[in-house]
Each structure stands twice: as C-alpha cells, then as structure tokens.
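A.B. asks: Sending over a structure as structure tokens; questions will come in a sec.
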Amino acid sequence: MTLANKLTLARLVLAVFTFACLWAQRPAWYAVGLALYVTATLTDWIDGYVARSTGQTSPFGALADPIADKVLVLGALIAFLRVPELEIPSWAVFLIVLRELVIGGLRALAGVSGQVLSANRGGKWTMGVQSASIISILALLVWRHHASWPIPGWALGAAGPLIALCAAVSVASGVHYIYGARGLIQHSWNAPKRRNRE
C-alpha cells in the first residue's frame with residue numbers, strides 16, 4: 001500500500017473519531033474534535049501532494065480519498081444538527097448529502113463501465129469551503145466554552161449561513177460534475193446491443 005493510501009485510511013479513522021467527539025456534545029471534546037478535524041484536513045492535502053509528486057496515484061486512492069473526505073464532512077454536519085444554538089438548516093445538510101449520493105452513484109456507474117471518476121477542481125473547491133466553514137464553527141464552539149471573554153451574540157448565528165453557503169457550493173459543483181459526466185450517463189441509459197448469432 002502506498003504512503004498516500006495509508007494517509008487516506010488514517011483520515012478515515014480520524015473522521016470517525018471526530019464525529020464521536022462532536023456527537024458527545026461536551027465542551028472538552030469540542031476542542032479535541034477541532035484538533036482532529038484540522039489534522040484530518042492536513043492529511044487530505046499531504047496525501048494528494050505525495051500521490052502527485054511520487055506518481056503513486058491509484059484507483060483505490062481515487063475512490064477512497066473522496067469517501068474519507070465525505071465521512072469527515074458529513075459526520076461533522078450531522079453532529080452539528082444536534083447543537084440547537086447553531087441553528088444549522090437541515091435542508092442545507094440534506095442538499096449536501098444528496099449531492100454526495102449522486103456523485104457516489106456516478107462513480108459507481110463509471111466503475112461498472114471500467115472507468116474511474118476522480119475528484120475534479122469543483123469538488124476540491126467544495127471540500128475547501130466545507131472544511132473552512134466547519135473549522136470556523138468548531139472554533140466558535142471552543143471559544144464559547146473555553147475562552148475567558150464572552151462570544152459575541154452574532155458569532156454563533158453565522159453557523160447557519162456558513163452551512164447554507166456550503167450547500168450552494170455543493171449543488172453548483174454537483175451540477176458541473178454531472179454535466180461533465182453527461183456522456184457516461186447517456187451511454188448508460190441504453191442496454192448493450194446483443195450480437196447477432198451466426
């Protein structure tokens with residue numbers, strides 16, 4: 001197994017522990033969750049750099065990397081829904097989950113066709129916006145519970161708009177991804193032609 005793939009698997013493990021920390025809804029665990037999320041985000045950058053610089057890109061990495069990313073992001077968003085003061089819009093989380101299901105379906109369809117659909121630039125931008133928003137919200141939660149001075153009233157109120165922005169970016173990149181894969185989709189609509197028996 002390549003170093004890049006090991007880092008991807010490590011990020012998946014970090015994603016699970018991050019979700020557990022946030023799900024606990026305890027002030028001390030928010031700080032741990034923030035540290036784990038930042039670490040996982042760094043591994044995302046590092047494994048991509050390692051894979052490109054060493055030429056160790058692999059089909060497993062192309063599939064496992066986005067899965068690890070989405071476990072990390074979706075786990076945090078689902079945990080945020082349990083924090084009333086954040087007022088995270090459930091419709092925005094639904095749209096983000098829907099986008100990931102559709103893109104996952106396209107990757108499965110590509111696999112059946114003998115192709116591999118890697119993350120495109122729009123997907124990387126989406127991941128960047130999502131991670132920046134989630135880290136900001138986690139930082140606000142840590143500030144609220146651990147800082148010696150009170151958090152401004154408007155600060156936690158920014159969580160909802162940040163996740164709504166994530167949803168908008170996710171949908172836009174999803175539409176672009178689907179448009180780029182339109183040939184694959186159209187080809188899959190038709191049953192394979194049977195050869196005439198001689």
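A.B. asks: Go over the candidates A164, A168 one by one and state the one that is more than 28 Å from A28 (Cβ to Cβ), without any contact (Cβ under 8 Å) to a residue 12 or more places away in the chain and in a helix (DSSP H, G or I).
C.D. replies: Numbers: A164 fails: without any contact (Cβ under 8 Å) to a residue 12 or more places away in the chain.
The conditions single out A168.
A.B. asks: Also, I was wondering about something else. Out of curiosity, is L81 under 26 Å from V112 (Cα atoms) and free of Cβ contacts under 8 Å to residues at least 60 places away in the same chain?
C.D. replies: Answer is no for this residue.
A.B. asks: List pairs: first in the stretch 14-42 and within 17 Å of A139 (Cβ to Cβ), second of a type in the set (D, E, K, R) and buried (at least 23 other Cβ atoms within 10 Å of the Cβ), Cβ under 6 Å, 6+ apart or cross-chain?
C.D. replies: So the pair list comes out as A40/R11.
A.B. asks: Taking only the stretch 61-91 into account, find how many residues are assigned to a helix (DSSP H, G or I) and farther than 25 Å from A31 by Cβ.
C.D. replies: Step one: list which residues in the stretch 61-91 are assigned to a helix (DSSP H, G or I), which gives 61-80, 84-86, 90-91.
When the remaining residues are screened for being farther than 25 Å from A31 by Cβ, the result is 61-67, 90-91.
Summing the residues that are assigned to a helix (DSSP H, G or I) and farther than 25 Å from A31 by Cβ in the stretch 61-91 gives 9.
A.B. asks: Here are R144, R195: which of them is surrounded by 11 or more Cβ atoms within 10 Å (Cβ to Cβ), over 23 Å from A110 (Cβ atoms) and modelled with pLDDT under 85? Before the answer, list the steps.
C.D. replies: Working: R195 fails: surrounded by 11 or more Cβ atoms within 10 Å (Cβ to Cβ).
R144 is the lone residue from the list that is surrounded by 11 or more Cβ atoms within 10 Å (Cβ to Cβ), over 23 Å from A110 (Cβ atoms) and modelled with pLDDT under 85.
A.B. asks: Across the stretch 9-33, what is the number of residues that are in contact with a Gly (Cβ under 6 Å, 6 or more places away or on another chain) and among the hydroxyl-bearing types (S, T, Y)?
C.D. replies: Final tally of qualifying residues: 1.
The values are calculated or read from the model by the stated rules, or taken from the named source; none is laboratory data. Just so we're clear, the structure is a prediction, and the values are computed from it rather than from any experiment. Counting neighbours? That spans all protein chains shown, and the Cβs are built from the backbone with ideal geometry, glycine included.
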